[in-house]
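These notes are about the structure you will find just below.
The values are calculated or read from the model by the stated rules, or taken from the named source; none is laboratory data. Small disclaimer: the values here were computed from a predicted structure and weren't measured. Because the Cβ atoms are built from the backbone with ideal geometry, glycine has one as well, and the counts that use them run over all protein chains shown. In case anyone asks, the SASA skips ligands and DNA or RNA and just uses the protein heavy atoms, side chains included. Shrake-Rupley method; radii C 1.70, N 1.55, O 1.52, S 1.80 Å.
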Amino acid sequence: MRTDIAQIVRLEDYRPSDFLIDRVALDVRLHPTATRVTATLTLRPNPLGRADAPLVLDGDELNLKALALDGRALPAGAFEASPQALTIAQPPRRPFNLTIETEIDPTSNTKLMGLYRSSGNYCTQCEAEGFRRITYFLDRPDVMAVYTTRIEADRDEAPVLIGNGNRVEGGAAEGTNRHYAVWHDPHPKPSYLFALVGGRLGRVGRSFTTMGEREVDVAVYVEPGKEDRAGYALDAIERSMRWDERVFGREYDLDVFNIVAVSDFNMGAMENKGLNIFNDKYVLASPETATDADYANIEAIIAHEYFHNWSGNRVTCRDWFQLCLKEGLTVFRDQEFSSDERSRPVHRIAEVKALRARQFLEDSSPLAHPVRPTQYREINNFYTATVYEKGAEIVRMLKTIIGPEDFRRGMDLYYERCDGTAATVEDFLAAFADVTGRDLSHFSRWYAQAGTPRVTVAGTYDAAAQTYRLDFAQSTPPTPGQTEKEPMAIPVALGLVARDGRPMQATCDRVSANGVFLLDKATDRLTFTGVSAPPVPSLFREFSAPVKTTLDLSNEELLVLLRHDGDAFNRWQAAQSVALRLLVARSKGASVADADVAGTASALRAFMETDAPADPAFAALVVTLPSETDIAQEIGSDVDPDAIHRARRELRRRIGQACIEPLRRFRESLAESGAYSPDAASAGRRSLRNAALDLLAAADAALGERLAREQFESAVNMTDRLAALSVLMTLPGEARETALDRFETRYRNEPLVLDKWFMLQATIAEDATLERVMRLMEHRAFSMSNPNRVRSLVGSFAMLNQRQFNAPDGSGYDFLADIVLRTDELNPQLAARLLTSFSSWRMMEKTRQSHAKNALLRIAGKPNLSRDVGDIVARSLEEHESR
Ligand SMILES: [Zn+2]
């Protein structure tokens, strides 16, 4: 274990590397416990570096076997080697070759960083700092080299050998039953994009012709026997390649593109050049084993990793502070892809729900940080919702402000200028500043300032003058290390809606032709003229900026928007706002007029009867109440998760009872007919039908149980089966336990499906759940060393079961602390990720807060914590001035 409590790395300390590496020749002889790696690095002094600097190569738990400079063994006094570094005090001041031999043990590598084994196969994960666990290296993204990799292995153990780039050679190797393959990647790349795979794998593939007529062999490798579940992923690759050509003009640049699915993986997937490695849950899909949501995730993640080939690989990051440069941009690109492939408004709502649930939460927690952080203790802890999702929102706002044509011209210029380089956020913004002639320095605050801005808006109608005035004020709360905040540049897409539902033709010269006003001062005012009647303002259409809004609209006005707004996002938002207002009041113990509840229920009923059938996917989102996390965030302090749970259950019951007839009709009219298809329209029908089931069960438990049992038994796809089972989870009793048993029996040999089974049980909002989770940890399919298993059972309990994780006696916190400490010894990244469930602890009421604090202090007090966990626990406990 690393015991250093954290050197802080600072952006302001960046300086270029003293040496560069032009070429890397690797010879990797795979062996379960003693893999030999011989790396020959072609180095030269960097003209931008220091002239007298020593050569210091990074290592992590390495074991040096031999070292030679220009072919001659280095004498013992000429270098120093430890597991963490290899230092040559007096390296040549000219180009030279350094040959380094190390021995590593992939089988005992439970951190899943560097070279490790997953279900017997060899694979690698090098981002951010895993390559240094394979060989000593200048392991930083601005050192870019051309790699040639020879991989050798036992034919029986690893008949398939894959590296980055194109395969150039292969055949029998010396020794009984050994073979090898040589892969060459002509594109210079940073070490974090290195990958190799060796194992027994099944393959599905096809040929793709790029717009420049390059023939590419596209393939997906999976566990043998599961080839028939890789078709959707293969199809998604082809659609991604075509989309990036059409929308961004980006073409693929190698002869092969390979994806390998592995079952032990810390993240979703990794964009290694030409050889993406995926968590198998984001590759494998069949109607029997995957839900509609799984299909959509597979499509999005395949696209994301593929798009990195340009936004990340061809143009990479200068240093890890620039992580958002590749991640924010690539998330934006995959969101646009999914919107084009599916329904844009439905997808936008899903993105915003996720942003609020994860990023807004992070932004208001002790872990808040800017999209481009200025310091870190452990970079693995900055693969966050802020860097990814808020990073994507920044790119989206940029496009909203400058318009789609200039956005595309700016992207083209960025790629043209920065191709083959390691770039910064400044390089990115400069491309857009140059094509538009705009000064983007104010806009760039989005990268530097943490916290979610709040925009308060007040509307005033003047009947005599026929004007409508909107007064805006913005502020951003303090976050760790940032007490004073500057105003942000916030694009507000807006429109006015008449009370009878027609759009209004009012004018205001500060609103652009596409309906956008740029709020860049602390306060500002818009005046619309020619307004013949009091309008209802529709603000932040399509969620044009990642902000919280305070706008005092009556329920009646919100319901006008729900029925009539031309912007689908705001129709959904209106329904959420009405419900959230009731839920917050109820959760705080305030009295709520029965007429308000009845009014909301009848508006939803009207929506179901008239509007819902036209777009079932959208309707399913409208009739789903804000989550317990949404409510907690809106309340903000002194939160009582039990009260929130009760308030939400009660409102679901009332809405369900008021809407029984339309809900029953959806059950019938949307019944599945014909073969399963994962397309967006079919998925939308299933989602409304299942949302109806959920509300019916809330209205009438006996009816819900009967319908859910029937659907569970008769379902012909996983989406419907799982939806039925999740409704049964809300209804205690024998039917639930019987269904759980049957599900387990049916999928006993399907680890990814059993993950869903673990997840559902971990999220039951009852007191006995913690005991159940502990019991399930003894289940034969559970394993503490597999991140997917741990996330489904323990992660779901901590992140999705607000009520039981935050149990008032502190038992949920204690349990998670135990698991974090146990996991930290095996897999620090996974442990740190679990620990972030505590990020909302300061929001809780006093008793829960003190239990959470004690659990955090217990973790902090454990000697030899990993840097990953040590960093998160320290930041979670830090006091800062916003509290
Ligand atoms: Zn990414």
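Output wanted: per-residue J couplings in Hz (rounded whole) for the range 238-255, from phi through Karplus 6.51 cos²θ - 1.76 cosθ + 1.60, θ = phi - 60°, x for Gly and Pro.
4, 5, 5, 5, 5, 5, 5, 5, 6, 8, 10, x, 9, 10, 6, 10, 10, 7
Is the C-alpha gyration tensor of the range 473-552 telling us rounded, prolate or oblate? Criteria: a/c under 1.5 is rounded; beyond that, a/b larger than b/c is prolate, otherwise oblate.
Values: a/c = 2.57, a/b = 2.19, b/c = 1.17.
Since a/c reaches 1.5 and a/b is larger than b/c, the shape of the range 473-552 is classed as prolate.
Between the alpha-carbon centers of the range 615-666 and the range 751-774, tell me the distance in whole angstrom.
22 Å
Amide H neighbours of Val256 under 5 Å, at least 5 residues apart or on other chains, H built in the peptide plane: list them.
Under 5 Å from the amide H of Val256 lie the amide H atoms of Asp217, each far enough along the sequence or on another chain.
Considering only DSSP states other than H, G, I, E and B, which trypsin sites (Lys or Arg not before Pro) in the range 779-853 qualify as loop sites with at most 12 other Cβ atoms within 10 Å? Provide the component values of the computation, followed by the final result.
Numbers: sites: Arg780, Arg789, Arg791, Arg803, Arg822, Arg833, Arg842, Lys846, Arg848, Lys853; in loops: Arg780.
Answer by residue number: Arg780.
Work out Dmax and Rg for the range 549-693 from the C-alpha atoms and quote the Rg first, both in angstrom.
Values for the range 549-693 (Cα only, Rg and Dmax): 15.7, 50 Å.
When all protein chains stay in place, what accessible area (Å², nearest 10, 1.4 Å probe) is found for Lys281?
Taking all protein chains as shown, Lys281 has close to 80 Å².
Compare the Cα positions of Val220, Val773, Gln359 along the charge dipole of the chain (+1 at Cβ of Lys, Arg; -1 at Cβ of Asp, Glu; about the Cα centre) and return the one farthest towards the positive end.
Val773
Identify, among Ala762, Ala423, Thr600, the residue whose Cα sits farthest towards the positive end of the charge dipole of the chain, taking +1 on the Cβ of Lys and Arg and -1 on the Cβ of Asp and Glu, with the dipole about the Cα centre.
Thr600
With +1 on each Lys and Arg Cβ and -1 on each Asp and Glu Cβ, how big is the dipole of the range 385-457 about its Cα centre, in debye rounded to the nearest 20? Present the calculation step by step, with values, prior to reporting the outcome.
Details: 9 positive and 11 negative charges, 76 e Å.
In total the dipole reaches around 360 debye.
Could you run the Debye sum over the Cα atoms of the chain, one equal point scatterer each and no solvent, and tell me log10 of I(q)/I(0) at q = 0.09 Å⁻¹, two decimals?
The computed values of log10 I(q)/I(0) come out as -0.97.
Applying a 10 Å radius around every beta-carbon, put 92-99, 247-254 in order of their mean neighbour count, most first.
247-254, 92-99
With the Cα gyration tensor of the range 768-883 giving a ≥ b ≥ c as the square roots of its eigenvalues, does the rule (a/c under 1.5 for rounded; else a/b larger than b/c for prolate; else oblate) give rounded, prolate or oblate? Intermediate results must be reported in sequence, preceding the final value.
Numbers: a/c = 2.07, a/b = 1.25, b/c = 1.65.
Cα axes put the range 768-883 in the oblate bin.
Mind checking the dipole of the chain: about its Cα centre, +1 per Lys or Arg Cβ, -1 per Asp or Glu Cβ, Debye to the nearest 20?
My answer is approximately 680 debye.
For Leu48 and Arg445, what is the calculated FRET efficiency with R₀ set at 30 Å and r taken between the beta-carbons, to the nearest 0.05?
FRET efficiency, Leu48 to Arg445: 0.55.
Give me the extension gain from Ala585 to Arg502: residue separation times 0.36 nm, minus the current Cα-Cα distance, reported in nm with one decimal. Before the final figure, lay out each step's value.
Numbers: separation 83, 0.36 × 83 = 29.88 nm, distance 3.18 nm.
So the extension gain works out to 26.7 nm.
Under the Karplus relation 6.51 cos²θ - 1.76 cosθ + 1.60, θ = phi - 60°, what is the ordered set of whole-Hz ³J(HN,Hα) values for the range 138-149, x standing for Gly and Pro?
Running phi through 6.51 cos²θ - 1.76 cosθ + 1.60 with θ = phi - 60° gives 7, 8, 9, x, 8, 9, 10, 9, 8, 10, 10, 10 Hz.
Where the only charges are on Cβ atoms (+1 Lys, Arg; -1 Asp, Glu), what is the dipole of the range 816-883 about its Cα centre, to the nearest 20 debye?
Value, rounded to 20: 180 debye.
From Cα pairs below 8 angstrom and at least 6 apart in sequence, can you work out the relative contact order of the chain, rounded to a whole percent?
Taking the mean separation of contacting Cα pairs over the length of the chain, I get 9 percent.
Have a look at His187, Leu663, Leu284 and report the one farthest towards the positive end of the charge dipole of the chain, computed about the Cα centre with Cβ charges (Lys/Arg +1, Asp/Glu -1).
Farthest towards the positive end: Leu663.
Mind jotting down the distance between the C-alpha centroids of the range 582-600 and the range 279-318, whole Å?
Cα centroid to Cα centroid, the span is 41 Å.
Apply the Karplus parameterisation 6.51 cos²θ - 1.76 cosθ + 1.60, with θ equal to phi minus 60°, to every residue of the range 324-340 and state each ³J(HN,Hα) to the nearest whole Hz, in sequence, with x for glycine and proline.
4, 4, 8, 7, x, 5, 6, 4, 4, 5, 6, 5, 5, 4, 4, 5, 5
Provide, in order from the shortest bin, the percent of all Cα-Cα pairs of the range 212-345 in each 5 Å bin, continuing until the bin that contains the maximum pair distance.
Over the range 212-345, the share of Cα pairs per 5 Å bin runs 2, 10, 21, 24, 21, 14, 7, 2, 0 percent.
So what is the orientation-averaged projected area of the range 326-378, using the convex hull of its C-alpha atoms, in nm²?
One quarter of the hull surface, i.e. the mean projection, equals 4.4 nm².
Once a ≥ b ≥ c are taken as the square roots of the eigenvalues of the Cα gyration tensor of the range 729-780, is the result rounded (a/c under 1.5), prolate (a/b larger than b/c) or oblate (a/b not larger than b/c)?
Judged from the Cα gyration tensor, the range 729-780 comes out oblate (a/c at least 1.5, b/c at or above a/b).
How many angstrom lie between the Cα centre of the range 52-125 and the Cα centre of the range 808-870?
Centre-to-centre distance over Cα atoms comes out at 35 Å.
How far apart, in nm, are the 7 Å Cα→Cβ label points at Leu11 and Ala595?
Taking the two extended label points, one gets 5.3 nm.
Can you give me the long-range amide H partners of Ala66? Hydrogens built in the peptide plane at 1.01 Å from N, cutoff under 5 Å, separation of 5 or more residues or another chain.
Distant-sequence amide H within range of Ala66: Glu101.
Taking 2.2 N^0.38 Å as the expected size of a compact globular protein, what ratio does the Cα radius of gyration of the range 65-124 give against it, to two decimals?
Taking the Cα Rg and dividing by 2.2 N^0.38 Å, one obtains 1.46.
Please give me, ordered by residue number, the GluC sites (Glu not before Pro) of the range 780-883 that lie in loop per DSSP and have at most 13 other Cβ atoms within 10 Å.
Details: sites: Glu825, Glu845, Glu878, Glu879, Glu881; in loops: Glu845, Glu878, Glu879, Glu881.
Taking the range 780-883 and a limit of 13 other Cβ atoms within 10 Å, the loop GluC sites (Glu not before Pro) found are Glu878, Glu879, Glu881.
For Ala522 and Thr87, what is the calculated FRET efficiency with R₀ set at 41 Å and r taken between the beta-carbons, to the nearest 0.05?
Efficiency for this residue pair is about 0.20.
Please list the non-local residues whose amide H lies under 5 Å from the amide H of Leu20, H modeled 1.01 Å from N, same-chain partners needing a gap of 5 or more.
HN-HN under 5 Å from Leu20: Arg44, Asn46.
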